[in-house]
Each structure stands twice: as structure tokens, then as C-alpha cells.
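Working notes, beginning with the structure itself.
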Amino acid sequence: MASATRHSLTTPLEWLWTHPAMSMWQIVSITSSGKSRRGGVVSTFAGTGTRGHADGTGSTAQFSFPFGVAVDSSGSIYVADFSNHHIREITPEGVVSTFAGSTAGSGNGIGNTAQFNHPFGVAVDSSGNVYVVDSVNNHLIRKITPADK
């Protein structure tokens, strides 16, 4: 696995970006003039590049249309794994695990007892709550509290 540099996101106009058809990470930022700039080395941080579902470290993990990403204060990355109906967590060490979700649905619960239907986006607040845009059929904004982790 190629090593990746841990980036610090310092403004609300910077974000981690992932292409929905690939499991490749790229840093993109928007400058105050509204122009985008890209820089640095682009490398695979997590994922095989083949659609699937597998927890693991770095290039042994698989995603199925990863969409939204968010980073918490400890450096963990949360990914909306759209077609797997899961929220995935990637530790700063690159270990990918299923954070929440099981099969398609709208059930509340802890960990793999919760259900999502094509989660599209995630955000993390300063208290550690993870918010999920649960888009297809559910039309919900879901909240995972630190106690649920």
C-alpha cells in the first residue's frame, strides 16, 4: 500500500473528495477567490478500486460507491458507503471498519443494527456526533451520537 500524508483541514472551504466510481482520495480546496487549486501527490489511501464490501487496512478494504466523507477531531474519516448502505470509519492508521449500518432500510439502532438506504453524505460536529444524509426512499438526516459509537 502506498503511504498517504495526513492532511489537516483548516477552513470550511477545504474538504476530502472521493469520486463515486473509485475508491481514491484526493484533497481539494477552494481559495477565497473561488478558484479551485489542487496539489500534492494523489495516492490511494483506502480501497482496492474494485466495487465490494470488505473491512481491512488500506488497499485491502473495499467500498461500493463511496460518496460523502467527514473528518473528526481525532483524525478518523467517516465515509458514506452508498451502495453498501453503511457508514465506514477509517482510522488515522488506515484501518477501515463498518461503523454503522447493515441492510437497506430505515431502522434506528447501534452499530450494525441501524439501517440506511443509500447514505449520501456525512458530517461530524465538535461534540463527535456524526450526521448522515440518508437519501433514497428515507429522505432523512440521521444522527449517530458518541454514545452510539
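If you take the residues in the stretch 53-72 that are among the polar types (S, T, N, Q) and outside any strand (DSSP E or B), which one is least open to solvent (accessible area, probe 1.4 Å)? Checking each candidate, the answer is SER64. Within the stretch 122-132, the set of residues being in a strand (DSSP E or B) and either open to solvent by 60 Å² or more (accessible area, probe 1.4 Å) or modelled with pLDDT under 90 (or both) comprises just one member, TYR131. When the stretch 138-149 is filtered for residues that are touching a strand residue (DSSP E or B) at 6+ places or on another chain (Cβ under 8 Å) and surrounded by fewer than 17 Cβ atoms within 10 Å (Cβ to Cβ), the ones remaining, listed by number, are LEU140, ILE141, LYS143, ASP148, LYS149. For the stretch 78-106, what are the residues that are surrounded by fewer than 19 Cβ atoms within 10 Å (Cβ to Cβ) and of a type in the set (Ser, Thr, Tyr)? Residues satisfying the conditions are SER83, THR91, SER97, THR98, SER102, THR103, SER106. A single entry from GLY75, GLY109 fulfils the requirement of being of a type outside the set (S, T, N, Q), in a loop (DSSP other than H, G, I, E, B) and open to solvent by 20 Å² or more (accessible area, probe 1.4 Å): GLY109.
For the stretch 88-138, the set of residues classified as in contact with a Phe, Trp or Tyr (Cβ under 7 Å, 6 or more places away or on another chain) and of a type in the set (Val, Ile, Thr) consists of VAL122, VAL124, VAL130, VAL132, VAL133, listed by residue number. Look at the stretch 62-83: where a residue is free of Cβ contacts under 8 Å to residues at least 40 places away in the same chain and a partner is part of a loop (DSSP other than H, G, I, E, B) and among the hydrophobic types (A, V, I, L, M, F, W, C), sitting 6+ places away or on another chain with Cβ atoms under 9 Å, you get ASP81/PHE63; ASP81/PHE65; SER83/PHE63; SER83/PHE65.
The values are calculated or read from the model by the stated rules, or taken from the named source; none is laboratory data. Keep in mind the model is a prediction, meaning the values are calculated, not measured. Positions of Cβ are backbone-derived with ideal geometry, glycine not excepted, and every protein chain shown enters the neighbour counts. Note: areas computed on protein heavy atoms with side chains; ligands, DNA, RNA excluded. Shrake-Rupley method; radii C 1.70, N 1.55, O 1.52, S 1.80 Å.
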